[in-house]
Amino acid sequence: MKVVLLAGGFGTRISEESHLKPKPMIEIGGKPILWHIMKAYAEHGFNEFVICCGYKGEVIKRYFADYFIHHCDVTFDYRNGNKAEIHTNITEPWKVTVVDTGLHTMTGGRIKRIRPYTENDTFMLTYGDGVSDVDIKTLLDFHRAQGKSATMTVIRPEGRFGVVDIEGNEVVSFREKSELDVGWVNGGFMVLEPEIFDYIEGDQTVFEKEPLEKLSRDHKLAAYLHTGFWQCMDTQRDKTKLEELWEKGAAPWKIWK
């Protein structure tokens, strides 16, 4: 089963680094967050990836083109025909297809463009900037049991600000924002059936709008409730948080050894 990764956006809210590279290539612990996501899927046995590129997609292509060089010992011999000798080749058992889905294409359009690579089969989809400890196999079992066209993992995002409780015109207390103060939101980590493409009109279709809303109206969209760890890397603050978890050896999304 293919895993489709959306990795084509401009990443404007983390422009400190995204002016040099696409957001999925921003590193956590010395590895692109895209790599972290792929490692988690691979740990569950899913090793075929289709990456939807756009903004600075050549950076992603170059990374995978040189992937084995970055993960092995190599001798470059410039004395005899510029030869390169690989001493070790410790790489992932991955098949990675990198697709240019357009610079200004919306999320739905990017998904529509990779249809030929899904082989008319069920496929998984997530965003290239969010990590989680979602149990992918359990998610897939849940999707199959529901018999829907699509399943979306939904999460309760962490509140960033304290809550002020007010009675009348008087502040009566301060408290930390809890999960109960926010509703469930789209956390990515989806499972989609081929008919999803029929809900996408073209390049300017925002997948999170018309397609998902119509699926919901048609009662074809299931929600997989995830109460574990989930974190996107939308801002520099998010990156710092993920980096701190990684450095402490307390990254919940690191399920591989």
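The values are calculated or read from the model by the stated rules, or taken from the named source; none is laboratory data. Only a predicted model underlies this, so the values are computations on that prediction, with no experimental measurement involved. No Cβ is skipped: glycine too gets one built from the backbone with ideal geometry, and neighbour counts run over all protein chains shown.
Things to note:
So that you can scan it fast, the table gives a plain yes or no per residue for (1) crowded, with 19+ Cβ neighbours inside 10 Å; (2) assigned to a helix (DSSP H, G or I):
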position: PHE10; (1), (2): no, no
position: ARG13; (1), (2): no, yes
position: LYS21; (1), (2): no, no
position: TYR41; (1), (2): yes, yes
position: GLY45; (1), (2): no, no
position: ARG62; (1), (2): no, yes
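Here is a yes/no grid of residues against (1) under 25 Å from ARG13 (Cβ atoms); (2) surrounded by 18 or more Cβ atoms within 10 Å (Cβ to Cβ):
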| site | (1), (2) |
| --- | --- |
| LEU225 | no, no |
| ARG237 | yes, no |
| LEU245 | yes, yes |
| PRO252 | yes, no |
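- Conditions (1) of a type outside the set (Gly, Ala, Ser); (2) surrounded by 13 or more Cβ atoms within 10 Å (Cβ to Cβ); (3) more than 19 Å from the chain's Cα centre (by Cα): number failed by MET124: (3)
- Residue under evaluation SER216, criteria (1) part of a helix (DSSP H, G or I); (2) in contact (Cβ under 8 Å) with a residue 12 or more places away in the chain, criterion not met: (2)
- Unmet criterion (only one of (1) over 24 Å from LYS137 (Cβ atoms); (2) crowded, with 20+ Cβ neighbours inside 10 Å; (3) at pLDDT 95 or above; (4) not hydrophobic (A, V, I, L, M, F, W, C)) for HIS36: (1)
- For first residues located in segment 124-146 and among the aliphatic types (A, V, I, L, M), partners that are exposed (fewer than 14 other Cβ atoms within 10 Å of the Cβ) and lie 6+ apart or on another chain with Cβ distances below 8 Å form the pairs VAL134/GLY228.
- Screening ILE114 with (1) under 19 Å from the mean Cα position of the chain (by Cα); (2) surrounded by fewer than 18 Cβ atoms within 10 Å (Cβ to Cβ); (3) at pLDDT 95 or above; (4) of a type outside the set (Ser, Thr, Tyr) gives one miss only, at (2).
- Count of residues meeting criterion [in contact with a Lys or Arg (Cβ under 6 Å, 6 or more places away or on another chain) and more than 28 Å from ASN120 (Cβ to Cβ)] in segment 22-55: 1
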